[in-house]
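Each value in this text was obtained by applying a stated rule to the coordinates, not by laboratory testing. Not measured: the values here are computed from a predicted model. Glycine also receives a Cβ, built like all others from the backbone with ideal geometry; neighbour counts cover every protein chain displayed.
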Amino acid sequence: MSLPQVAPNPDRHAAAHDAAQRYLQAAGNLTDRSGWSLKMFTSLNLFLWHLDAFASADDPVPAFITAFDSATALLKLAGDTVCGGHFPEVPPATVDESGFENQVSGLFSDIWVSMTDDIYFDQSYDFTKQRFEKNGLDPEAFFADKTVLDAGCGSGKFSAAIARFGAKQVIGMDIGQKGLDFARGQTGKVPYGDRLDYRFGSLLDIPLDDASVDVVWSNGVIHHTLGYDQCVAEFARVLKPGGQLFLYVNGRFGLFELLLDTLRLATADVPKPLFQHFLSLLGVNSGRLYWIMDCLSAPYEWRSRAELEQLLRRHGFTDLFQMTRGVASDQIEQVTVGIPHAATKYGEAQLKYIATKA
Ligand SMILES: C[S@@+](CC[C@H](N)C(=O)[O-])C[C@H]1O[C@@H](n2cnc3c(N)ncnc32)[C@H](O)[C@@H]1O
């Protein structure tokens, strides 16, 4: 099964892009703080809308425009009528580069602590096993007796899965202290817990010796940092020659990218704890809450497959292998099996690579 070549398609997406701009404009005009509730309401529902709409076989572009225009009309109506300026105005949201990493790690740390054990231990293990096997790889052979760095381990749920596959030692590293504390607390629940070692450290300057690990695993992390390239350089440095990198980042050119960037910008002035609390009071389960906050709050740097491959090669990685299969809900699986309009929806989808350090 081969992947379709996905390229930017400005004509195809232009109308969707315009609708997204109209929504952003309407959200930006709601400067009264009480507008936070409307921005959370519309953005959450647009996000949930995409889950249903993208699951359908229909062309998503007209539906995308209708959904965004409806949300825009709601925001405009509220702005023109009931929003009475009773609350202080919010200053326009800005990205504070110095606080960026703390913001991202703080965001995730707060989410981990509500994660249930079945999602933490079993789902991470089962999904990883299925993803490897569907790509013709044996996870036990890949990890057995290896020293593995889980780079940006978050809650440690994949570190735990990797130890369960038989790794000799898994160093879970992150800059989120709450996530690390939570991960340490989980180790007592499983028989392989003594092979899990959680450490504070930034991927931009990994506190490990050169050529000291057999495998670097980095799942959905480096596109949230301010140093995409630097992380890859650090992975190359700490890997032994012949060692292997598993890297997951997001590819480009789908409506999904436009959706996330738009909803994140529209809710940029909403305090993250408020948004998270809103979701948990609504009863959103811990796995989905994490996913929504990841999509709508954490900044993303989107790079194409070609750009990623070039970067990996530049840092001395060879034998690049893209894992194009996944569990049924994985966007890359849907693009690979060719469900209708999958490339319009997801573009290149998730880029999951295994590469060898020369
Ligand atoms: C989307 S989460 C992914 C967590 C985990 N890999 C997983 O798949 O469950 C991104 C993680 O990257 C971490 N992170 C962001 N910047 C980092 C950096 N410079 N160094 C280490 N970790 C970082 C965040 O704290 C967060 O835990």
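Sorted fewest first by neighbouring Cβ atoms within 10 angstrom, ILE162, ILE171 come out as ILE171, ILE162. For segment 122-168, trypsin sites (Lys or Arg not before Pro) are listed when DSSP marks them as loop and at most 14 other Cβ atoms sit within 10 Å of their Cβ; the list is LYS168.
Each residue of segment 242-358 gets 131 Å³ once the volume of the Cα convex hull is shared out per residue.
To the nearest 0.05, how large is the calculated FRET efficiency for ARG199 and PHE87 if R₀ is 51 Å and r is the Cβ-Cβ distance? According to the calculation, E is roughly 0.75. The residues TYR23, TYR192, TYR120, when put in order of fewest to most other Cβ atoms within 10 Å, stand as TYR192, TYR120, TYR23.
For segment 184-195, backbone phi angles converted through the Karplus equation (6.51, -1.76, 1.60; θ = phi - 60°) give residue-by-residue couplings of 4, x, 7, 5, x, 8, 10, x, 9, x, 6, 9 Hz, Gly and Pro being listed as x. Separation of segment 191-251 from segment 26-90 is 38 Å, based on Cα centroids. Viscosity 0.890 mPa s, temperature 25 °C: give me the Stokes-Einstein translational D for segment 133-251 in µm²/s, with Rh taken as the Kirkwood radius over C-alpha pairs. Rounded to a whole number, D works out at 173 µm²/s. Taking every DSSP beta bridge that has both ends in the chain, the antiparallel portion is near 40%. The alpha carbons of segment 221-296 occupy a box of 49, 26, 20 Å along the principal axes, longest dimension given first. Orientation-averaged projection of the chain equals 17.4 nm² [convex hull of Cα atoms, one quarter of hull surface area].
Pairs exceeding 29 Å between alpha-carbon atoms, taken from LYS39/LYS129; LYS178/LYS352; LYS39/LYS352; LYS146/LYS178; LYS157/LYS240; LYS39/LYS134: LYS39/LYS129; LYS39/LYS352; LYS39/LYS134. Label SER114 and PHE127 with points 7 Å out from Cα along Cα→Cβ: what is the distance between them in nm? It works out to 1.7 nm between the two label points.
Relative intensity of segment 132-190 on a log10 scale, I(q)/I(0) at q = 0.12, 0.13, 0.16, 0.24 Å⁻¹, equals -0.29, -0.34, -0.50, -0.93, per a Debye sum over C-alpha point scatterers of equal strength in the absence of solvent.
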